[in-house]
Amino acid sequence: MSLPREQTQPSATAPPMDDAEQQTVFYTGLLHFAGCTADNQTDAGFFGDELAARPQMMAAFLGPRRGLVSTAIRVAHRDSPPLARATAMARSASGGIAEFRQWARVHCDVARILGARMGLSAQVQGALGHLYERWDGRGMPGEVRGEQIPLPVRVMHVAQDADMAWQAGGPQLARRVVASRAGSGLDPRPAHAFLAAGEKAFADLDLPSVWELALAAEPGERPMVCDDRIDDCLSAVADFADLKSMWTVGHSRGVAGIAALAAAAAALPVQESRQVYHAALVHDIGRVTVPVRIWAKPGPLTRDEQEQVRLHAYHSERVLDAAAALRPLARLAGSHGERCDGSGYHRGARGGDLPPAAWLLAAADSYQAMREPRPYRPAMSPSAAADALAREVKDGRLPADAVNAVLAAAGQERVPPMRPAGLSDRECEVLALLARGLATKQIARQLGISPKTCDHHIQSVYAKAGVSSRAAATMFALEHGLTGPEATAVTERA
């Protein structure tokens, strides 16, 4: 989009930001990467290890375009042999700049949706919709520039570049980077304000952890999450984690649903049952620390890859332990991969080391995972998953009472779900497969319909759900429970 040049000029004067505006800056910075799991498949396709590439790409994003291109070439598939590296890059780059513009839209779309589900203000949601634009109009998707970009985003850009440069070379490099990008990638006004702050801008950044400092810096009155909003917020965390891979979409919600029913079947106290449900929602937040290529690998994992998978439970526990209100869930959530014989992860706990609630979560997680497709196997039928879970009891890996409670929960007769937004059964089937990453032709083939008919269903789903991208449609499917085995029951029977 071509925009008038004068729109890139900053106002001569600007009033101080009030508490509400400062809060918007604060939450825009905190949630900048809330959409980062939404299109990891694109990241992984181009870069190989998206986690290793992302910091370097973000550090270069607001700089000269040639620096961004050279950084991309340097970090993409850097551990692959030269020929494989060149082939992968050529294949991934075939979509050109349009693919990266779509990537930015998806990231911002999902960040905005998650911000809304967290109950954040319309101002924060608006800011999250423009995270990858640039002051000079050369950002992604490139639809706004200058003061058309919300001020909180422009302030966050300066802070982001300053922090990354500080980590790489200290205050001197941070000031040099911000000064060089003022007027191009960065809004000159917040850039100059940062430079004028001098050493105060770097106070306490060298502490072992800035977590408490960041919480203390929140401007205005700190919003509180009431009891009736906890489920919504933790469900948003669950969806953020599960979007990491097309193979895990809806997994955490599925585990939480089974675990809650199993807790009731096991006659756990109400408070304990609620805790199991909440821990199940967030048990896989550590999944985001593992590159998507590992979750999507169709063959056996290497020893190093196995270790990364095992450590995701540790990272879940560490993330939850950092928030005082979620600390009671940390140990429980981090125990979902344990087994009674000590062969599980991440502590190698044994039967008597954990409470019944932890074994319920472990059994629910195992059953739900078996009912979902994985890159190395198709989804198992309910009876096959039940048989496999029963073998875990026989082999001494899971306790019988936990497995029996989970199987009782999974075998309960359920009322067919209400179809949201007026979706038909067929549209729900299409949406469930769309959310799992299948292309239009693949969905058509699986459902036995033509690609043209399938595309018609997809467009109808988008219209009824009020969305415009696959990622947003996936969020809608997650929110309404349309991603699990039950959502594709008609397909499986066909």
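Here are the numbers:
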item	result
Condition broken by Leu433, with the remaining ones in (1) assigned to a loop (DSSP other than H, G, I, E, B); (2) outside the structural domain of Leu261 (by TED's automatic domain parsing); (3) in contact (Cβ under 8 Å) with a residue 24 or more places away in the chain satisfied	(1)
Selected residue [farther than 30 Å from Ala369 by Cβ, surrounded by fewer than 24 Cβ atoms within 10 Å (Cβ to Cβ) and touching a residue at least 40 places away in the same chain (Cβ under 8 Å)] from Glu272, Glu218, Glu212	Glu218
Some residue of the range 317-329 being in contact with a helix residue (DSSP H, G or I) (Cβ under 6 Å, 6 or more places away or on another chain), free of Cβ contacts under 8 Å to residues at least 60 places away in the same chain and among the β-branched types (Val, Ile, Thr)	yes
Subset of the range 308-343 [small (Gly, Ala, Ser) and either within 17 Å of Gln275 (Cβ to Cβ) or out of contact with any strand residue (DSSP E or B) (no Cβ under 9 Å at 6 or more places or on another chain) (or both)]	Ala313, Ser316, Ala322, Ala323, Ala324, Ala325, Ala330, Ala333, Gly334, Ser335, Gly337, Ser343
Near pairs, Cβ below 6 angstrom, 6+ apart or cross-chain, from the range 351-365 (part of a helix (DSSP H, G or I)) to any residue that is hydroxyl-bearing (Ser, Thr, Tyr)	Ala358/Ser335
The one condition in (1) among the acidic types (Asp, Glu); (2) buried (at least 23 other Cβ atoms within 10 Å of the Cβ); (3) under 30 Å from Glu479 (Cα atoms) that Glu143 fails to fulfil	(2)
Top-ranked residue of the range 1-47 - restricted to ones that are surrounded by fewer than 20 Cβ atoms within 10 Å (Cβ to Cβ) and aliphatic (A, V, I, L, M), ranked as modelled with the highest pLDDT	Leu30
Residue identified as modelled with pLDDT of 80 or more, surrounded by 14 or more Cβ atoms within 10 Å (Cβ to Cβ), of a type in the set (Asp, Glu) and in the same structural domain as Met140 (by TED's automatic domain parsing) among Glu99, Glu50	Glu50
Verdict on Leu261 being out of contact with any Cys (no Cβ under 7 Å at 6 or more places or on another chain), assigned to a loop (DSSP other than H, G, I, E, B), more than 18 Å from Leu320 (Cβ to Cβ) and in contact (Cβ under 8 Å) with a residue 24 or more places away in the chain	no
Hey, Met224 surrounded by fewer than 16 Cβ atoms within 10 Å (Cβ to Cβ) and in a loop (DSSP other than H, G, I, E, B) or not	yes
Selection count, the range 316-360, where residues are farther than 14 Å from Val282 by Cβ and among the acidic types (Asp, Glu)	3
Criterion: surrounded by 15 or more Cβ atoms within 10 Å (Cβ to Cβ), farther than 23 Å from Gly250 by Cα and not assigned by TED's automatic domain parsing to the domain that holds Val282 - qualifying residue of Ile449, Ile458	Ile449
Test: residue in the range 125-133 that is farther than 23 Å from Glu218 by Cα and assigned to a loop (DSSP other than H, G, I, E, B)	yes
Residue satisfying condition, being at positive phi and out of contact with any helix residue (DSSP H, G or I) (no Cβ under 6 Å at 6 or more places or on another chain), within set Gly299, Gly342	Gly342
Residue check, Arg339 part of a helix (DSSP H, G or I) and of a type in the set (Lys, Arg)	no
Filter result for Ser245 (polar (S, T, N, Q) and in a helix (DSSP H, G or I))	no
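Residue by residue, here is whether (1) surrounded by 15 or more Cβ atoms within 10 Å (Cβ to Cβ); (2) at pLDDT below 95 holds:
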residue: Val292; (1), (2): yes, yes
residue: Gly299; (1), (2): no, yes
residue: Val309; (1), (2): yes, no
residue: His315; (1), (2): yes, no
residue: Leu320; (1), (2): yes, no
residue: Ala323; (1), (2): no, yes
residue: Glu338; (1), (2): yes, no
residue: Gly344; (1), (2): yes, no
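The values are calculated or read from the model by the stated rules, or taken from the named source; none is laboratory data. Predicted model only: the values in this text are computed from it and were never measured. With ideal geometry, Cβ positions are generated from the backbone for all residues, glycine too; neighbour counts draw on all protein chains shown.
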